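The structure appears below as structure tokens.
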Amino acid sequence: MTTTHSQPAIEVNGLRKSFGNHVVLDGIDLTVPQGTVFSLLGANGAGKTTTVQILSTLIGADAGEVRVAGHDVAREPDAVRAAIGVTGQFSAVDNLMTGRENLALMADLHHLSRGDGQRRAAELLEQFDLTGAAGKPASTYSGGMRRRLDLAMTLIGNPQVIFLDEPTTGLDPRSRRDMWQIVRDLVATGVTVFLTTQYLEEADELADRIAVLDHGRLVAEGTADELKRQIPGSHIRLRFADSHNLEEAARILEQTSRDGDALALRVPSDGSVRSLKTVIDRLDDKAVDVEELSVHTPDLDDVFFAFTGNRDDQKAIS
Ligand SMILES: Nc1ncnc2c1ncn2[C@@H]1O[C@H](COP(=O)(O)OP(=O)(O)OP(=O)(O)O)[C@@H](O)[C@H]1O
Ligand SMILES: [Mg+2]
């Protein structure tokens with residue numbers, strides 16, 4: 001048995017789930033270390049919410065083993081629930097109640113005493129910049145305020161593991177950035193975050209590890225950089241002071257191509273330090289001068305399209 005400290009916050013093996021004969025999860029394995037952010041990417045209907053619902057004990061799996069905060073979700077659902085917080089894709093905020101009342105209700109559900117509940121609610125309202133609006137009905141809140149209240153409600157019970165299902169969908173860029181900062185602050189306190197998102201930039205910003213869900217399986221998993229390196233399109237761009245150096249370099253390095261800049265060459269590369277060093281060494285050997293060098297890796301949008309097989313589906317629609 002490993003110690004509690006090194007135990008992963010989330011461990012999933014062979015997870016399967018179907019609705020009728022529609023297979024949504026077809027054998028998912030993943031591990032999320034404590035105090036990290038894991039992001040699950042996938043197109044609409046890929047099964048992100050289904051995964052969150054199983055990991056947070058809201059629905060059962062058909063097969064597989066899922067442990068969250070050290071407890072099996074099927075055998076010890078109450079222990080899992082005590083350790084987690086879930087901010088669903090659709091808001092849990094009650095519009096007729098004020099922000100403070102929404103938090104008080106959550107505090108009751110977590111069996112906090114009245115005094116503790118009030119204290120915790122006040123702290124969270126302050127932390128999420130909602131103190132001024134605390135007495136107003138949630139129906140008057142902007143989308144960003146509602147999302148912050150939703151997350152504050154999730155945090156009432158001081159969860160160790162937080163599930164955020166598309167936390168910033170529909171938010172403007174500033175509110176999205178505010179939400180990212182909140183997530184970073186949470187992780188800094190040791191909390192583990194399991195995040196689903198449609199925004200690849202969000203995964204890039206926040207996630208330690210990213211997985212791409214497609215047709216029921218994880219088709220890619222790794223850090224944002226690892227994923228970007230796996231797909232074609234990475235290259236080293238070399239810029240030269242004059243055409244003599246450029247021609248020399250083009251001769252020495254195979255497979256170069258030009259881009260818009262007459263004095264620049266592109267060399268295919270996986271973006272790793274090793275491949276960079278190889279290129280530089282070969283040019284150095286022949287005393288070719290490079291004026292400027294940059295490494296270009298594809299962004300997560302490229303990764304998403306490379307790994308998900310839904311381009312044919314899109315073709316079928318259009
Ligand atoms: N209770 C249910 N009964 C039947 N089918 C369901 C049920 N819940 C989800 N599904 C189906 O399972 C698939 C995955 O749904 P899910 O909500 O997990 O996707 P998602 O990745 O969260 O999508 P989105 O990005 O749109 O939120 C979809 O085809 C959906 O229609
Ligand atoms: Mg969803």
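Using a 10 Å Cβ count of at most 15 others and DSSP loop calls, identify the longest part of the chain lacking such GluC sites (Glu not before Pro). List each step's numbers first, then the result.
On the way: sites that count: 254, 291.
Between the exposed loop sites, the longest stretch runs 1-253.
List the longest stretch of the chain that has no exposed loop site; here a site is one of the trypsin sites (Lys or Arg not before Pro) assigned by DSSP to anything other than H, G, I, E or B, with at most 13 other Cβ within 10 Å. Present the calculation step by step, with values, prior to reporting the outcome.
Details: sites that count: 75, 286.
My reading of the result: 76-285 is the longest stretch.
3J(HN,Hα) along the range 198-207, derived from phi through the Karplus expression 6.51 cos²θ - 1.76 cosθ + 1.60 where θ = phi - 60°, amounts to 9, 9, 5, 4, 5, 4, 4, 5, 9, 8 Hz, with x in place of Gly and Pro.
Full extension of the segment from residue 118 to residue 18, taken as 0.36 nm per residue of separation minus the current Cα-Cα distance, would add 31.8 nm. Computed on protein heavy atoms with a 1.4 Å probe, the accessible areas place 105, 253 in the order 105, 253, largest first.
List the chymotrypsin sites (Phe, Trp or Tyr not before Pro) within the range 1-97 that DSSP assigns to loop and that have no more than 15 neighbouring Cβ atoms inside 10 Å. Walk me through the numbers on the way to the answer.
Numbers: sites: 19, 38, 90; in loops: 90.
Answer in residue order: 90.
Mind checking the range 141-191 for chymotrypsin sites (Phe, Trp or Tyr not before Pro) that DSSP puts in a loop (not H, G, I, E or B) and that have at most 14 other Cβ atoms within 10 Å? Sparse-neighbourhood loop chymotrypsin sites (Phe, Trp or Tyr not before Pro): none present.
Roughly speaking, to the nearest percent, how much of the range 1-119's 1.4 Å accessible area is carbon and sulfur?
Numbers: 3280 of 6300 Å².
About 52 percent, which is the carbon plus sulfur part of the accessible surface.
Taking the chain as a Gaussian network of alpha-carbon nodes connected by springs under 10 Å, the highest mean-square fluctuation of the residues 84, 210, 236 belongs to 236.
Could you please put 111, 235, 71 in sequence from largest to smallest accessible area, using a 1.4 Å probe?
Working: 111 165, 235 25, 71 55 Å².
The ordering from most to least exposed comes out as 111, 71, 235.
Per the 1.4 Å probe, what fraction of the accessible area of the range 191-272, in percent, lies on carbon and sulfur atoms? Reported share for carbon and sulfur atoms: 42 percent. All other residues whose Cβ lies under 12 angstrom from that of residue 197 are scored, Lys and Arg at +1 and Asp and Glu at -1, for a net of -4. Of all DSSP beta bridges confined to the chain, the antiparallel ones make up roughly 65%. Relative to the 2.2 N^0.38 Å rule of thumb, the chain has a C-alpha radius of gyration ratio of 1.23.
All other residues whose Cβ lies under 11 angstrom from that of residue 170 are scored, Lys and Arg at +1 and Asp and Glu at -1, for a net of +1.
Per residue, the convex hull around the alpha carbon atoms of the range 167-318 comes to 178 Å³. Per residue, the solvent-accessible area of the chain (1.4 Å probe, heavy atoms of protein chains only, all protein chains present) comes to 51 Å². A Gaussian network model of the chain, with springs between Cα atoms under 10 Å, assigns the largest mean-square fluctuation among 138, 211, 241 to 241. The share of Cα pairs per 5 Å bin across the range 51-191, counted from zero up to the longest distance, runs 2, 10, 19, 21, 21, 14, 8, 4, 1, 0 percent.
The values are calculated or read from the model by the stated rules, or taken from the named source; none is laboratory data. What you see is a predicted model, and the numbers here were worked out from it, not measured in a lab. Every residue, glycine among them, receives a Cβ derived from its backbone with ideal geometry; neighbour counts consider all protein chains shown. Heads up: the accessible areas ignore ligands, DNA and RNA and are worked out on the full protein's heavy atoms, side chains in. Shrake-Rupley method; radii C 1.70, N 1.55, O 1.52, S 1.80 Å.
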